[in-house]
Structures are given as structure tokens and as C-alpha cells.
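The values are calculated or read from the model by the stated rules, or taken from the named source; none is laboratory data. The shown structure was predicted, so the numbers you read here are calculated from the model rather than taken from an experiment. Because the Cβ atoms are built from the backbone with ideal geometry, glycine has one as well, and the counts that use them run over all protein chains shown.
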């Protein structure tokens, strides 16, 4: 009997407690870093002013204390209530869907943990003070590149989305090929069985 057929009949392994806690750990760690960095900026950098954390990287990386009432990277200003609702919905969907991820899919858990941290981190700001504190300013003056001021939560959201898109594309590229290989082997196996009969 083919061992692959036996394995196909077995129930799928359930995610372990450690796999469930991975998302919680990633979300908690990223959220703590986000909140501590924002509070440090608010306490040390006057609003609207910039400092260079490392002199030799200035002006490519500066810390600029800004108040953002819009979405990530300061887009869609003055939409505070709307983005509060969006953040709550996104967080609820992640919390609902995360326990249903298959066992072994740690990459998706890390990505969703980052997204949850980003959504919750900016949500805490909006509920606490009515705006989000942004401070990470990336720019390359030589080519006119000026990335909107952001924060750790924004970076977590974008990183989580990029990871999920990358892993989805990878799976679409590799998993269908294995299915086609199995289907192509099936007629050959049936022909061999008919010849032996």
C-alpha cells in the first residue's frame, strides 16, 4: 500500500499552543516597541521639529514629530472616526481568522501578528489623543525621494501585507504544480495496472 495514500487519510494536525502564541508574541512585542517609541518622541522632540538619531545617516533618516489624523503614512487626513472603525474591524478579523490557520503556517502567523500590532498601535493613539504620532522620515534628496513620515505601526502593517502577498504568490506557484504532477501520474498508473491485469 502506498504510504502517501495512508497519510492522506489521516486527520490534519492541529496547531500547537506554541503556534497560537507566536502570533500573540509578535503582536505584543511590536505593539510595545511602537508605543514606547511614540511616547519617547512625544517627550523629547518638539512638535514639527526633526533630529538625526545617527549623524552620518542624516538627511536620509531623521525623526520628525508629526501628528497624523489620517491613515498610514499620513494619507486621507481628518478621517479619525472612520479609521478607528476600520482598525477595530481589521483587528477582529485577524483575531477570528488566526486560530483557523493550518498547523505549520508560522509565516502567516508572523505576518498577521505584525498587522494586528500595527492596527492596534495606531488605534491606541487615536483613542488616547485623537491622532497618531508619526516620526520616521526617510528621504533621498539627491533623487527627490521623500517618503511620508510614518511610525513603527505603519511599518508593521506594510511588512505584514508584503509577507502575506509573497507567501500567497509562492504557494500559487508551487502547490498547483504538485497537483498537476499527481494528476499526470494517475493515467500512467492506471495503464500499468491494466497491462498487469
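Could you give every pair whose Cβ atoms fall below 6 Å, whose first residue belongs to region 13-37 and is surrounded by 12 or more Cβ atoms within 10 Å (Cβ to Cβ), and whose second residue is part of a loop (DSSP other than H, G, I, E, B), counting only separations of at least 6 or pairs across chains? Within 6 Å, the pairs are 15/103. Here residue 97 meets each of (1) assigned to a helix (DSSP H, G or I); (2) at pLDDT 85 or above; (3) under 18 Å from residue 124 (Cβ atoms) with one exception, condition (3). When region 138-151 is filtered for residues that are part of a strand (DSSP E or B), surrounded by fewer than 19 Cβ atoms within 10 Å (Cβ to Cβ) and touching a strand residue (DSSP E or B) at 6+ places or on another chain (Cβ under 7 Å), the ones remaining, listed by number, are 138, 139, 145, 146. The conditions of being in a helix (DSSP H, G or I), at pLDDT below 90, touching a strand residue (DSSP E or B) at 6+ places or on another chain (Cβ under 8 Å) and over 30 Å from residue 17 (Cβ atoms) are not met by residue 82. Within the option set 59, 55, being at pLDDT below 95 and touching a strand residue (DSSP E or B) at 6+ places or on another chain (Cβ under 7 Å) holds for one residue only, 59.
Scanning region 100-123 for residues that are part of a helix (DSSP H, G or I) and surrounded by fewer than 17 Cβ atoms within 10 Å (Cβ to Cβ) turns up 100, 106, 107.
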